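Since every read-out is calculated from the coordinates, none of them should be taken as a lab result. Nothing here was measured: the structure is a model prediction, and the numbers come from that model. FYI the Cβ positions are ideal-geometry reconstructions off the backbone, even for glycines, and counts take in every protein chain you see.
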Amino acid sequence: MVGTVTRRQNSENSEMTSKCKHMKLLFSLIRRRQFFTNKRSLRRYCNSAPRAFTSHQQRSRGTFPAEDDRPGILPSAKPTSSRSCYSLLGYCNDVDSLKKVHCLLIVNGLTGNLLLDTKLVSLYGSIGGGHVSSARKVFDRMPSSDLYSWKVMLRLYFLEERYSEVIGFYKLMRARGTGHDNVVLSIALKACSEMCDVDEGRKVHCHILKESSPDSFVFNGLVDMYAKCGEIESSRDVFDKVPERNVVLWTSMIAGYVQNDHAEEGLVLFNRMREELIEGNEFTLGSLMSGCTKLGALHQGKWVHGYLIKKGVGLNSFLATSLLDLYMKCGKVRDARNVFDELPSVDLVAWTAMIVGYAQNGFSDMALKLFRDKRWTSLSPNSVTIASCLSACAQLGDLKIGKSVHGLGIKLGIDGPEVKNALLGMYAKCRIMEDACLIFESLSDKDDIVSWNSMISGLLQNGSPDKALELFHHLRLDESTTPDSVTLVIVLSASASLGAFQVGSSIHAYGIKEGLLSNNVYVETALLNFYAKCGDTKSARMIFDGINFKNTITWSAMIGGYGIQGSGPESLALFGDMLKEEVEPSEVIFTTILSACRHTGMVEEGLRYFRRMCEDYKFVPSMKHYASMVDLLSRAGRLEDALEFMEQMPVEPDVGLFGAFLHGCGLYSRFDLGERAIEKMLKLHHPDEACYYVLMSNLYASDGRWTQANQIRKLMERWGLRKFPGCSAVEIDAWSCSSLPRAATVV
């Protein structure tokens, strides 16, 4: 065995020695100013180095073939060894071979040639993943350099994403007086935009104004740089001064508006672009779609979709994902699924976008079904996919499946902050706040605002809005993390649930101070909802009227705000205004309308809108719609109609519907109908909340049937159900910088 290994090593050493001899021969031929007439000859010679070495031996013994018999080698040619070496470098396909050739170039004194040295710089930066430091060493040792060699080095730094070194190298170019062209300026501007370094970008801009005649690439780089640095006004100023604008420049400006939360200006600019008879490309339309998604502007988004179809633009990954995102965020799940099913090929991004959309719209079972679909088993989930599936499990309250999804993530090595935040949210929604708190405390880096938002949201969802506001107060004291717009939406919802007007107003002021309200439809909608629930419909309407692009959630919040305060006619009038604005109503809008009718006793209007929802808009009623109708009829004393409505439902009534009906029976002392409802409810369900048993007990007690009432109470004791007394919180004052809001509780 040892002998075999030794022989193998000797063989490898012999082969390496032979290769080195072949390379030396090759360079000796080059040094003698013999060269290869074409690349095919060079490749053939390089691939038959052993034969060349044998020929060299024959020549030394006087048996080498005559010069004229050797194809490709012309002794009478001019000395062009640098060209031969340049061709030889072109066949180096790994770093090791490049280093060997480089060493032999040095040994044979063939370095110092501008063409060869520039080729070496380029190869070191591009072969084998890039060795930019080696390329820079070669560059620094070059006795002379021209603009092209500087551009090669500059481009290598940029491709390696070493943007600060791009700027440093650009400054060195100027210090050496090398000069520059539009390619150099474009690379420097792109580096500034990637670093969001507006100061260096302005310096490059000054150089352009003083010393250059910029082309479309430079103008585009300036627009893009200012936009990515948040200087949208400077970006627009450059854009307006360009004499001839192409589609790339228009797209950069539109994308800049969208990225800087000025999506409405982006839509206006696109209309102006069409007026100038410039057709948008797929990137223009993708940016527009992103803008519509940010604004929740479904109508404009559908127009862009129609424009895509009309122009025959195929859906690439970017456009498809933008469309899916738009429809999902506007609640149009069916339209999103139609787009998804029509895609010629589904990639990971589109698949994940569909799962995310399902989870965000409450279709958690569909999200998990799509995740488990065998057609997409070739797609490997990423952190966003796993996090969305965990969110779906949280909505379903299915901790078992959630843990299995988490296990898959660990198996695939996916355990990033998105997954941990989703896990935190899952435990919170499954009402296991102890584990949620443990995960939150175990996070090594609490600088991530998403973790704070997940924890605050979990406390709110578990019926602790006061604790949610307390944690928000701690967040504001934490200097390493700053609340964002999502945080404001959560704490405004907490303030609304408590009716804490002063607290919510101070949060409103904080949002204005920190610039978290500008053109953010979600924060503005949360503010609207807060003021409406606190009874200040005037402030709510002012905010509503100030929102430029209203989505269905915004309309729903204002309609519901009027309904909660008993202003049913205003709710219906606003719904009419919404239809005039060509905003398509959703299932949620009709839930709000029916709720407004329920709060104000508008029975006939409620029945009319329910029929309209089913017949005109073809919506399948959800249990919330049915519950609103049963409650509407029961509160109005039309208990026979309510019972008939329940019996004609295509699905079995849930416990909530029976509860609404029993409440009406108690109000109007219809014990006969109440008893029928109780019998049917117990036959179909086993309520696990004490309130339903209390309703039954009170119904029997009101009829003087104390025996049945006591039996219900005993059942509650046996099953461990307890009705906690209600309480009211009276707000005393809002927090100052160092104190939390105090509340006096009246039981």
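About the centre of its Cα atoms, segment 439-577 shows a dipole size close to 460 debye [charges on the beta carbon of Lys, Arg (+1) and Asp, Glu (-1) only; nearest 20 debye].
Taking 0.36 nm per intervening residue step and subtracting the Cα-Cα distance, what contour gain separates Ser378 from Tyr307 on full extension?
22.3 nm
The gain in end-to-end length when the Tyr91 to Ser216 segment is fully stretched comes to 41.4 nm, 0.36 nm per residue minus the alpha carbon separation. Taken one residue at a time, the phi angles of segment 241-248 give Karplus couplings (6.51, -1.76, 1.60, θ = phi - 60°) of 8, 6, x, 10, 9, 9, 5, 5 Hz. Gly and Pro are set to x. Here is the list for segment 587-633: trypsin sites (Lys or Arg not before Pro) lying in DSSP coil, each with at most 12 other C-beta atoms within 10 angstrom of its C-beta, are Lys618.
Positive contributions from Lys and Arg (+1) and negative ones from Asp and Glu (-1), summed over other residues with Cβ under 13 Å from the Cβ of Glu570, come out at 0.
Rounded to whole numbers, the Karplus 3J(HN,Hα) couplings from phi for segment 555-563 are 4, 4, 5, 6, 4, x, x, 5, x Hz, using 6.51 cos²θ - 1.76 cosθ + 1.60 with θ = phi - 60°, and x at Gly and Pro.
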